[in-house]
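Comments concern the structure below.
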Amino acid sequence: MKRLIRTAIPGFCLAFTAGCASSQPNTFTFTADLPPDFVYQAIAKYVPAEGETCSVPGGRNTAVGYNMNWRENYQPTAEIALRRTVSGCPLIINRIELDINATYGKARGDFDADVASVFIRNEVEDQYKSIVNEADESSFYGECQWLFRTSGKPRILRKLLNCKTIDAQGERGTSQPFAAFTPDQLPGKTVKMHIKLADEERPAIGNTWVKVPNGWKRCMGKGFEDQDAYCFGNYKDFSGFQMVDGRQCTIYPGCTE
């Protein structure tokens, strides 16, 4: 009896292929090392595998989410499939879209987010290609910084999150944190995102706060109705503001001078 032989994509051995000596896992592990009060959400997106002419009607079910309910059930480690079949169409992972969420207060809206990405392509330029070490792990790094501003007539302090890549020396780059792999790098491996929090915060909008020896003071502008309240050279008239916990303050971050 002839053995049944099916053409397999290099690096992957189909379980139903007769005479297949070994097979590689169809999953890899994604995890993250994040500062306190940080979590991530991930959406793994899939496209038809190379050489496939099929499509998924409406693109339905071609993405898988992780930690979508992060407030109630956050899991730092996810097992992500490399290949899936949806509506009879063989798909391969194309990218992972990551939201880095960080909270700075107790109210539901006291958080902000920035993004990171993992790209999976058949070809990746050497300068961008991530390395998997002998322990079957690959890491990429970023630094997030809080940017503060005030909002509304009470001038309530709000924060924005800004995340960038960092190099081996800890210098911030210009792009958001990312990693890039070819599919054959990932079976059974672990990809880890490392995010650190910058030591200092800074104003989200220039020329609206003034640096003083023990913090930052908010320029008054034309009054509390002036939402922009640029300094415009007036570094003597300052306004108070309200912390998210309700405290009335005159300086950030210490609140009182």
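Please find the FRET efficiency linking Glu257 to Lys106, where r is the Cβ-Cβ separation and R0 is fixed at 30 Å, and quote it to the nearest 0.05.
0.75
If you take the charge dipole of the chain about its Cα centre, with +1 on Lys and Arg Cβ and -1 on Asp and Glu Cβ, which of Thr190, Asn26, Ala168 is farthest toward its positive end?
Farthest towards the positive end: Asn26.
Just how far, in whole angstrom, is the range 237-253 from the range 28-46 if you go by their alpha carbon centroids?
34 Å
In whole Å, what are the Cα extents of the range 178-257 along the three principal axes, biggest one first?
Computed over the Cα atoms, the extents are 61, 24, 24 Å.
Expressed as a whole number of Å, what is the distance separating the alpha-carbon centroids of the range 142-189 and the range 57-118?
Their Cα centres are 17 Å away from one another.
Run the paramagnetic zone check for Glu52: 7 angstrom along Cα to Cβ, then residues of the range 86-102 with backbone nitrogen under 20 Å.
86-97
Answer rounded, prolate or oblate for the range 205-249, using the Cα gyration tensor with square roots of eigenvalues a ≥ b ≥ c: rounded when a/c is under 1.5, else prolate when a/b is larger than b/c, else oblate.
oblate
Over the range 163-240, what relative contact order in percent results from Cα pairs under 8 Å that are six or more residues apart?
Reported as a whole number, the value is 17 percent.
Give the lysines whose C-alpha is closer than 22 Å to that of Lys236, dropping any in the same chain fewer than 8 places away, or say none.
Lys153, Lys211, Lys217, Lys222
Mind checking the dipole of the chain: about its Cα centre, +1 per Lys or Arg Cβ, -1 per Asp or Glu Cβ, Debye to the nearest 20?
Approximately 640 debye in magnitude.
Residues with amide H under 5 Å of Asp33's amide H, sequence separation 5 or more or different chain, H placed in the peptide plane at 1.01 Å from N; which?
So Asp33 has HN proximity to Met193, His194, Ile195.
From the backbone phi of the range 172-183, what are the Karplus-calculated ³J(HN,Hα) couplings (6.51 cos²θ - 1.76 cosθ + 1.60, θ = phi - 60°) in whole Hz, Gly and Pro given as x?
6, x, 9, 9, 6, x, 7, 9, 9, 9, 9, x
Please report Rg over Rh for the chain, where both radii come from the alpha carbon positions and Rh follows the Kirkwood definition.
With Rg and the Kirkwood Rh in hand, the quotient comes to 1.13.
For the chain, give me the percentage of DSSP beta bridges that are antiparallel, rounded to the nearest 5 percent.
Roughly 75 percent of the DSSP beta bridges within the chain come out antiparallel.
May I ask you to evaluate 6.51 cos²θ - 1.76 cosθ + 1.60, the Karplus curve with θ = phi - 60°, for each residue of the range 61-67 and list the ³J(HN,Hα) values in order in whole Hz, giving x for glycine and proline?
So the Karplus estimates, Gly and Pro as x, are 6, 9, 9, 10, x, 10, 6 Hz.
What distance in nm separates the simple spin-label points at Gln75 and Ile205, each placed 7 Å from Cα in the Cβ direction?
Output for this residue pair reads 4.2 nm.
In whole Hz and in residue order, list the ³J(HN,Hα) couplings for the range 222-233 that follow from phi through the Karplus curve 6.51 cos²θ - 1.76 cosθ + 1.60, θ = phi - 60°; x for Gly and Pro.
Each residue's phi maps through the Karplus curve to give 8, x, 5, 6, 7, 5, 6, 6, 6, 5, 6, x Hz.
What's the whole-number percent of alpha carbon pairs in the range 87-190 lying beyond 17 angstrom?
So the pairs more than 17 Å apart make up 64 percent of the total in the range 87-190.
Where a number appears in this text, it was derived from the coordinates with a stated rule and is not lab data. Because the structure is a prediction, the values reported are computed rather than measured. When we count neighbours, we look across all protein chains shown, and the Cβ atoms used for this are built from the backbone with ideal geometry, even at glycine.
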